[in-house]
Amino acid sequence: MNPSFLPSMPLALSYPLLFGVLLVAGVMGGELARLLRLPRIIGYVVVGLIIGPLTTAMHIGPLLDQARIFVDLALGLVLFELGRRMDLRWMRRDWSLAATGIAEASLSFAAVFVLLVYEGFSPVKSGLAAAIAMTTAPSVLLFMSHETRSEGQVTERAINLAALNGLIASVLITLLLGSAHYARSKLELEIAILQPLYLFVGSVLLGLFMAVFTRVIARSIERSSDMHFTLVAGMVTAAVGLATLLKLPVILPLLAFGMFARNDERGHDLLNVNLAPVGRLLYIVLFVITGASLPLTGLAASLGVGLVLVLARVAGKTAAVLIFAPLGGLRARQAVGLALALTPMSTLALLMAHDVGQLFPSFAADLGPVFLAGLLVMEIVGPFAVQAGFTIAGETVPSLTGRYRAMPADAVERR
Amino acid sequence: MPLEFRRSDALTFGIELELMVLNTHSYDLARGAADILPRLAKQELPGEVKPEITESMIEINSRVQRRYDALLEDLIVLRDAIVGTADKLNLAIAGGGSHPFHRWNDRRIFPTERFRHVSELYGYLAKQFTVFGQHIHVGVAQPDDAVYLTHRLAPFIPHFIALSAASPFYQGEDTSFETSRLHAVSAFPLSGHMPEVRTWDEFSAFFDEMAGYGIVKSMKDFYWDIRPKPEYGTIEIRICDTPLTVDLAVQLAAYAQTLAADLLLNRRDEPLEPLYRVYGYNRFQACRFGFEGTLVYPYSRKQVRLREDLLATLERLRPTANDLGAGSALLALERMAENQVNGSRWMRECYERNHSLADVVRMQSERWGTVPRT
């Protein structure tokens with residue numbers, strides 16, 4: 001008898017199995033963190049940090065590349081949501097908000113740039129790293145605001161500022177990459193100008209196209225939130241695919257898609273869809289894989305500079321927020337809360353660094369370890385900072401235990 | 001201890017309005033009162049803006065005025081200040097009796113001692129009580145007049161319900177009622193109407209009795225549709241949904257003022273009992289069917305369409321209204337009754353346009369902020 005129906009030995013590990021393990025381990029890690037009264041994200045990231053070396057030991061390629069489609073989809077939905085929450089008209093009505101955003105992006109950029117140049121890195125590479133460091137992790141921000149049910153001026157402003165610094169950073173990176181190409185390979189000037197232009201205009205047009213198309217479809221299907229959610233998820237995935245196809249960065253078109261899909265007086269075709277039901281799954285994938293992509297062992301040497309980089313970044317952001325936010329009438333506690341909420345760095349920065357590294361390999365070789373070390377620090381500190389920020393601002397539900405629903409509101413407050 | 005009634009000038013009037021604070025991306029109720037109020041406190045305003053029980057609600061208290069146009073002017077200034085301040089915070093403000101789709105357990109109680117007490121006592125009722133009403137105060141010179149007017153305004157309560165109705169949707173559903181807000185009020189133990197006392201002394205005795213049982217501590221514990229307000233020297237009509245515009249809010253106040261003037265001039269002395277026998281039925285008809293409801297006259301036992309009764313009353317009051325300077329207000333109400341349009345009908349029509357309650361709320365807030373004066 002030839003037992004060909006039995007699996008052949010040795011067993012080859014399949015990705016679905018790995019993926020399932022990763023998800024379940026993530027869920028359990030998150031609940032363990034909860035038991036220890038830590039934000040769930042910490043649990044997800046730590047599970048990732050443990051799984052990362054395991055996959056390397058089992059000769060599985062980098063998870064970030066293997067599972068890139070899931071990461072892109074999850075981050076795509078996060079960016080879409082971020083774009084939908086961004087309100088440019090608010091920035092026009094309250095100039096202090098736009099000023100805070102531009103100031104915190106510029107100051108954190110300047111602080112990191114000066115530091116890295118001082119450390120002997122080339123200006124272009126330092127600029128790229130500083131631009132990436134300017135971003136606030138929208139995934140951490142949105143996840144924490146769901147988890148703590150935080151709501152109010154600080155939450156809304158943090159989300160808008162994260163969208164703004166993501167926008168500025170991706171434009172800046174595009175420009176810097178253009179100049180890097182020009183300097184490196186002595187390409188014609190036209191390409192150095194045309195490439196960033198293509199990336200920027202193409203991204204905005206793609207976002208606009210997806211938004212218009214989504215609205216058209218939304219009008220012809222049943223107006224229920226699960227139908228609209230599926231539509232949005234499909235369109236976001238397609239947008240990620242199209243962006244890759246057109247050699248566009250993923251971030252900009254998705255942000256633009258969200259912004260153009262926002263409902264206003266011009267139209268209300270799309271229901272506000274709640275990402276929460278599948279959000280948990282996507283967030284776990286996002287954070288576990290992010291954790292798995294941070295090589296713990298190789299970073300020890302770079303930890304010092306990484307730490308200073310993170311400190312410079314946070315100092316830049318905090319100084320700008322504390323100066324400009326009170327001009328918009330925020331109380332001191334709110335300004336501090338806002339500064340804290342802007343600190344996390346996570347998947348967005350990781351992906352940006354990863355993609356820059358692929359286009360510009362010497363960036364990865366030189367600055368990669370330093371950057372990843374800084375990222376690792378923020379991956380752990382960030383969620384605490386956001387939670388503290390929302391709490392200091394008084395915007396979270398008073399109890400974070402999740403049992404508040406069963407009690408009258410003030411029974412929780414009295415404790 | 002007799003309840004002291006602080007006398008005020010007869011037929012002066014003022015209003016309180018509870019307003020929704022909304023975010024501008026999903027148009028759900030938003031925590032915003034704590035950010036709006038300190039900013040408004042820095043401005044010189046013809047009235048007060050105060051917190052209410054949840055952080056998604058603010059309350060306007062107008063100044064006391066004698067004339068319709070003066071009150072309207074105050075309200076427009078207040079409205080513009082609030083809308084302008086909210087705008088800077090990316091918040092929207094709207095009228096309407098209830099939020100069409102908010103979930104009551106998302107609400108946060110505004111952190112003051114009294115609100116915490118109310119929340120503790122009433123539990124989920126307190127959060128479910130996230131409804132938005134208009135209170136109209138009319139000044140009276142004699143405490144006995146307050147008792148008299150509280151009774152004699154009762155037959156006109158259905159008019160106020162039909163005209164102000166602006167809460168057809170509740171918790172995401174069309175309730176089929178013109179106003180769903182009043183159900184939330186009815187759940188409280190001391191809702192309904194004042195007992196059939198005839199003088200202020202009798203009322204004081206009733207209050208002392210209730211206080212003796214330990215059931216009430218102050219007049220605030222009575223959730224009646226109309227009640228005397230001894231601290232202000234007024235009677236207070238509490239039945240109206242917050243209308244979708246300040247104009248209608250002030251027109252309703254002018255109607256109450258005119259009714260009070262007429263009732264003081266042409267004193268009624270029919271027995272009170274039949275009046276309250278039909279009260280609940282008439283009130284329900286107005287809540288459910290609005291202008292199309294059927295009213296029962298307590299004394300003649302005839303039935304009449306609410307709209308006919310309202311139009312007849314408005315016409316009868318025209319000379320009195322003109323004397324008070326409220327003629328144009330009553331004309332506007334007459335037009336509403338003729339065309340049978342109120343806030344609820346407007347909201348349902350908005351909903352028909354694209355079947356999104358969020359968009360209904362957006363249009364409500366737009367209407368509250370920008371509707372041109374007529």
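The values are calculated or read from the model by the stated rules, or taken from the named source; none is laboratory data. The structure displayed is predicted, hence computed values, not measured ones. Methodologically, a virtual Cβ is constructed for each residue, glycine included, from the backbone with ideal geometry; neighbour enumeration extends over all protein chains shown.
If you check A:I289, A:I284, A:I323, which single one turns out to be more than 14 Å from chain B (Cβ to nearest Cβ), assigned to a helix (DSSP H, G or I), hydrophobic (A, V, I, L, M, F, W, C) and closer than 24 Å to B:N90 by Cβ? Write out each step before concluding.
Working: A:I289 fails: closer than 24 Å to B:N90 by Cβ; A:I284 fails: closer than 24 Å to B:N90 by Cβ.
After ruling out the rest, the residue left standing is A:I323.
Check off (1) at pLDDT 90 or above; (2) more than 17 Å from A:K317 (Cα to Cα); (3) more than 14 Å from chain B (Cβ to nearest Cβ) for A:A137 and give me the number that stays unchecked.
Failed condition: (2).
So B:E334 clears everything in (1) in contact (Cβ under 8 Å) with a residue 24 or more places away in the chain; (2) away from chain A (no Cβ under 14 Å); (3) assigned to a helix (DSSP H, G or I) except one condition, right? Which one?
(1)
Tell me which of these B:G280 doesn't satisfy, since it passes every other one: (1) on the phi < 0 side of the Ramachandran plot; (2) surrounded by 23 or more Cβ atoms within 10 Å (Cβ to Cβ).
All conditions pass for B:G280, except number (2).
Conditions tested, residue by residue: (1) at pLDDT 95 or above; (2) crowded, with 20+ Cβ neighbours inside 10 Å; (3) aliphatic (A, V, I, L, M).
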residue: B:N322; (1), (2), (3): yes, no, no
residue: B:A329; (1), (2), (3): yes, yes, yes
residue: B:G343; (1), (2), (3): yes, yes, no
residue: B:E352; (1), (2), (3): no, no, no
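Quick check on the stretch A:113-124. Is at least one of its residues more than 14 Å from chain B (Cβ to nearest Cβ), touching an Asp or Glu at 6+ places or on another chain (Cβ under 9 Å) and either part of a loop (DSSP other than H, G, I, E, B) or surrounded by fewer than 19 Cβ atoms within 10 Å (Cβ to Cβ) (or both)?
The initial filter retains those residues of the stretch A:113-124 that are more than 14 Å from chain B (Cβ to nearest Cβ), namely A:113-124.
Imposing the further condition that a residue be touching an Asp or Glu at 6+ places or on another chain (Cβ under 9 Å) reduces the set to A:121-122.
Filter once more, keeping what is either part of a loop (DSSP other than H, G, I, E, B) or surrounded by fewer than 19 Cβ atoms within 10 Å (Cβ to Cβ) (or both): A:121-122.
Checking the stretch A:113-124: at least one residue is more than 14 Å from chain B (Cβ to nearest Cβ), touching an Asp or Glu at 6+ places or on another chain (Cβ under 9 Å) and either part of a loop (DSSP other than H, G, I, E, B) or surrounded by fewer than 19 Cβ atoms within 10 Å (Cβ to Cβ) (or both).
Of everything in the stretch A:198-216, what is of a type outside the set (S, T, Y) and at pLDDT 90 or above? Give them in sequence order. Walk me through how you get there before you give the answer.
To start, the set of residues in the stretch A:198-216 that are of a type outside the set (S, T, Y) comprises A:199-202, A:204-213, A:215-216.
Across the stretch A:198-216, the qualifying residues are A:V201, A:G202, A:V204, A:L205, A:L206, A:G207, A:L208, A:F209, A:M210, A:A211, A:V212, A:F213.
Out of the residues in the stretch B:301-315 meeting the condition of being part of a strand (DSSP E or B) and not aliphatic (A, V, I, L, M), tell me which one is surrounded by the most Cβ atoms within 10 Å (Cβ to Cβ). Please lay out each step first, then the result.
Going residue by residue through the stretch B:301-315, those that are part of a strand (DSSP E or B) are B:303-305.
From what is left, the residues that are not aliphatic (A, V, I, L, M) are B:303, B:305.
Values: B:Q303: 10, B:R305: 15.
Filtering first and then ranking leaves B:R305.
Give the residue, chosen from B:R181, B:R268, B:R227, B:R238, that is of a type outside the set (A, V, I, L, M, F, W, C) and exposed (fewer than 14 other Cβ atoms within 10 Å of the Cβ).
Numbers: B:R181 fails: exposed (fewer than 14 other Cβ atoms within 10 Å of the Cβ); B:R227 fails: exposed (fewer than 14 other Cβ atoms within 10 Å of the Cβ); B:R238 fails: exposed (fewer than 14 other Cβ atoms within 10 Å of the Cβ).
So the residue among B:R181, B:R268, B:R227, B:R238 that is of a type outside the set (A, V, I, L, M, F, W, C) and exposed (fewer than 14 other Cβ atoms within 10 Å of the Cβ) is B:R268.
Residues that are surrounded by 14 or more Cβ atoms within 10 Å (Cβ to Cβ) and in a loop (DSSP other than H, G, I, E, B): does the stretch B:202-213 have at least one?
No, the stretch B:202-213 has no match at all.
Does B:V185 meet the test of being aliphatic (A, V, I, L, M), within 14 Å of B:I237 (Cα to Cα) and without any contact (Cβ under 8 Å) to a residue 60 or more places away in the chain? Show your work before the answer.
Details: aliphatic (A, V, I, L, M): yes; within 14 Å of B:I237 (Cα to Cα): yes; without any contact (Cβ under 8 Å) to a residue 60 or more places away in the chain: yes.
So B:V185 passes the test.
Here is a check on your reading of the model: is A:V78 surrounded by fewer than 24 Cβ atoms within 10 Å (Cβ to Cβ), of a type in the set (A, V, I, L, M, F, W, C) and either within 14 Å of chain B (Cβ to nearest Cβ) or touching a Pro at 6+ places or on another chain (Cβ under 7 Å) (or both)?
Values: surrounded by fewer than 24 Cβ atoms within 10 Å (Cβ to Cβ): no; of a type in the set (A, V, I, L, M, F, W, C): yes; either within 14 Å of chain B (Cβ to nearest Cβ) or touching a Pro at 6+ places or on another chain (Cβ under 7 Å) (or both): yes.
It is false that A:V78 is surrounded by fewer than 24 Cβ atoms within 10 Å (Cβ to Cβ), of a type in the set (A, V, I, L, M, F, W, C) and either within 14 Å of chain B (Cβ to nearest Cβ) or touching a Pro at 6+ places or on another chain (Cβ under 7 Å) (or both).
For (1) modelled with pLDDT of 95 or more; (2) farther than 24 Å from B:R6 by Cα; (3) aromatic (F, W, Y), each residue gets a yes or a no:
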residue: B:E55; (1), (2), (3): no, yes, no
residue: B:L71; (1), (2), (3): yes, no, no
residue: B:I82; (1), (2), (3): yes, yes, no
residue: B:H99; (1), (2), (3): no, yes, no
residue: B:F115; (1), (2), (3): no, yes, yes
residue: B:Y124; (1), (2), (3): no, yes, yes
residue: B:F129; (1), (2), (3): no, yes, yes
residue: B:I136; (1), (2), (3): yes, no, no
residue: B:G139; (1), (2), (3): yes, no, no
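Pick from the stretch A:326-355 the residues that are within 14 Å of chain B (Cβ to nearest Cβ) and either assigned to a loop (DSSP other than H, G, I, E, B) or not aliphatic (A, V, I, L, M) (or both): which of them is nearest to A:V288 (Cα to Cα)? Even if it seems obvious, please write down each step before you answer.
Residues of the stretch A:326-355 that are within 14 Å of chain B (Cβ to nearest Cβ), as a first pass: A:326-335, A:337-338.
Now drop any that are not either assigned to a loop (DSSP other than H, G, I, E, B) or not aliphatic (A, V, I, L, M) (or both), which leaves A:326, A:328-331, A:333-334, A:337.
Values: A:P326: 37, A:G328: 37, A:G329: 39, A:L330: 35, A:R331: 36, A:R333: 32, A:Q334: 31, A:G337: 27 Å.
Among them, the one singled out is A:G337.
What number goes with the only condition from (1) over 18 Å from the mean Cα position of the chain (by Cα); (2) more than 29 Å from A:V47 (Cα to Cα); (3) part of a helix (DSSP H, G or I) that A:L309 does not pass?
The number of the failed condition is (2).
Where the second residue is among the hydroxyl-bearing types (S, T, Y) and the first is closer than 14 Å to A:R262 by Cβ and lies in the stretch B:350-362, which pairs have Cβ atoms under 9 Å and are six or more apart or on separate chains?
What qualifies is B:A358/B:S26; B:A358/B:Y27; B:D359/B:Y27; B:D359/B:Y351; B:R362/B:T24; B:R362/B:Y27; B:R362/B:S356.
For the subset of the stretch A:312-344 comprising residues that are more than 13 Å from A:Q153 (Cα to Cα) and among the polar types (S, T, N, Q), which member is surrounded by the most Cβ atoms within 10 Å (Cβ to Cβ)?
For the stretch A:312-344, the residue satisfying everything is A:T343.
Step by step: first the residues of the stretch B:39-55, then only those that are within 12 Å of chain A (Cβ to nearest Cβ) and charged (D, E, K, R), then the one that is farthest from B:R114 (Cα to Cα). Which residue is that?
Restricting attention to the stretch B:39-55, the residues satisfying the condition of being within 12 Å of chain A (Cβ to nearest Cβ) are B:39-42, B:53-55.
Of the ones still in play, those that are also charged (D, E, K, R) are B:39, B:42, B:55.
Details: B:R39: 23, B:K42: 25, B:E55: 14 Å.
That would be B:K42.
For the stretch A:93-108: of the residues being assigned to a helix (DSSP H, G or I) and within 11 Å of chain B (Cβ to nearest Cβ), which is modelled with the lowest pLDDT? Lay out the reasoning, then the answer.
Here is the first cut: in the stretch A:93-108, the ones assigned to a helix (DSSP H, G or I) are A:93, A:95-108.
Filter once more, so that each one left must be within 11 Å of chain B (Cβ to nearest Cβ): A:93, A:95-97.
Values: A:R93: 88, A:W95: 91, A:S96: 92, A:L97: 94.
Residue satisfying both the conditions and the ranking: A:R93.
Here are some residues: B:Y68, B:Y27. Which one is in contact (Cβ under 8 Å) with a residue 40 or more places away in the chain, under 27 Å from B:S180 (Cβ atoms) and among the aromatic types (F, W, Y)?
B:Y27
List pairs: first in the stretch A:145-159 and closer than 20 Å to A:L38 by Cβ and at the interface with chain B (Cβ under 9 Å from one of its Cβ atoms), second among the β-branched types (V, I, T) and assigned to a loop (DSSP other than H, G, I, E, B), Cβ under 8 Å, 6+ apart or cross-chain?
Here the result reads A:R149/A:T396; A:R149/A:V397, each pair linking the stretch A:145-159 to a residue that is among the β-branched types (V, I, T) and assigned to a loop (DSSP other than H, G, I, E, B).
Let's see how each residue does on (1) of a type in the set (S, T, N, Q); (2) within 14 Å of chain A (Cβ to nearest Cβ); (3) under 30 Å from B:L263 (Cα atoms); (4) buried (at least 21 other Cβ atoms within 10 Å of the Cβ):
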| site | (1), (2), (3), (4) |
| --- | --- |
| B:R7 | no, no, yes, no |
| B:S26 | yes, yes, no, no |
| B:A33 | no, yes, no, yes |
| B:L37 | no, yes, no, no |
| B:R63 | no, no, yes, no |
| B:A70 | no, no, yes, no |
| B:L75 | no, no, yes, yes |
| B:K88 | no, yes, no, no |
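Go through the stretch B:9-24 and count every residue that is in a strand (DSSP E or B) and either within 10 Å of chain A (Cβ to nearest Cβ) or within 13 Å of B:I93 (Cα to Cα) (or both). Walk me through how you get there before you give the answer.
As a first pass, look at the stretch B:9-24 and keep what is in a strand (DSSP E or B): B:13-23.
Next cut, either within 10 Å of chain A (Cβ to nearest Cβ) or within 13 Å of B:I93 (Cα to Cα) (or both) only: B:17-23.
Adding up the residues that qualify gives 7.
I need the full set of residues from the stretch A:249-269 which are surrounded by 22 or more Cβ atoms within 10 Å (Cβ to Cβ), at pLDDT 85 or above and among the hydrophobic types (A, V, I, L, M, F, W, C), in order please.
Passing the criteria: A:L252, A:L254, A:L255, A:A256, A:F257, A:M259, A:A261.
Taking the stretch A:21-71, which residues are at pLDDT below 80 and either crowded, with 20+ Cβ neighbours inside 10 Å or not in a helix (DSSP H, G or I) (or both)?
A:M58, A:H59, A:I60, A:G61, A:P62, A:L63, A:A67
Answer yes or no as to whether B:E338 is at pLDDT 95 or above and acidic (D, E).
It is true that B:E338 is at pLDDT 95 or above and acidic (D, E).
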